[in-house]
Amino acid sequence: MKYIAILLCCCSLIVCFNEEYDKKIKKITEECQKNPATQASEEWLKTEDVSVNLEGEGSHIFCRLKLLGSLKENGDIDMEAMKTDLSSGISDPEIVEALVEKCGTRTPGSSPEKSAIDNFRCILLNYDKLKKD
């Protein structure tokens, strides 16, 4: 039953992004999956559950966010690129602003992969909360 609840939660996150953005993410995901060093497990890709330990998926998440332009090679967050990226998938500018404000800061001393995980998790968890308000 937990699996179904998690799957429904994750699917509700995906559905709320526009179709063009979903296609862009799918293409980037495929690109990152081509490289053995940045492959995520197929099991995780089915749900993209952010409540689990994502350390094993860090290189994949970093690859995706780097290709989107939200993260720089060193793991720093590019807030303008993050805002542009989020705006292309979320139509509500207030939600985009709130996400950039809440998730646009890197944890000092974190690795690029950890920065990516933190940013990815922050955006998905907070987006879900914000869209319900």
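Derivation of every value follows stated rules applied to the coordinates shown; laboratory data play no part. This one's a predicted model, so the numbers in the text were calculated from it and none came from an experiment. Methodologically, a virtual Cβ is constructed for each residue, glycine included, from the backbone with ideal geometry; neighbour enumeration extends over all protein chains shown.
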At R0 = 25 Å, FRET efficiency that the Cβ-Cβ distance of E80 and S51 yields, to 0.05: 0.30
Computed [θ] at 222 nm, helices only, for the chain once each DSSP H run of length n ≥ 4 contributes -39500 (n - 2.57): -21500 deg cm²/dmol
Separation of the K34 and D22 label points, Cα + 7 Å toward Cβ, nm: 2.4 nm
Over the stretch 66-133: Kirkwood hydrodynamic radius from C-alpha pairwise inverse distances, Å: 11.9 Å
Out-of-range pairs (alpha-carbon distance over 20 Å; input K83/K131; K46/K131; K102/K131; K72/K131): K46/K131; K72/K131
Per-residue ³J(HN,Hα) for the stretch 104-118, Karplus 6.51 cos²θ - 1.76 cosθ + 1.60, θ = phi - 60°, Hz, x for Gly and Pro: x, 10, 7, 5, x, x, 7, 5, x, 5, 5, 4, 5, 4, 4
Whole-number D in µm² s⁻¹ for the chain, Kirkwood Cα-pair radius fed into Stokes-Einstein, 4 °C, 1.567 mPa s: 87 µm²/s
Distant-in-sequence amide H partners of L71 (H built 1.01 Å from N, under 5 Å): K66, D78
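Taking the Cα centre of the stretch 24-131 as origin, work out the dipole magnitude from +1 charges on Lys and Arg Cβ and -1 charges on Asp and Glu Cβ, in debye rounded to 20.
120 debye
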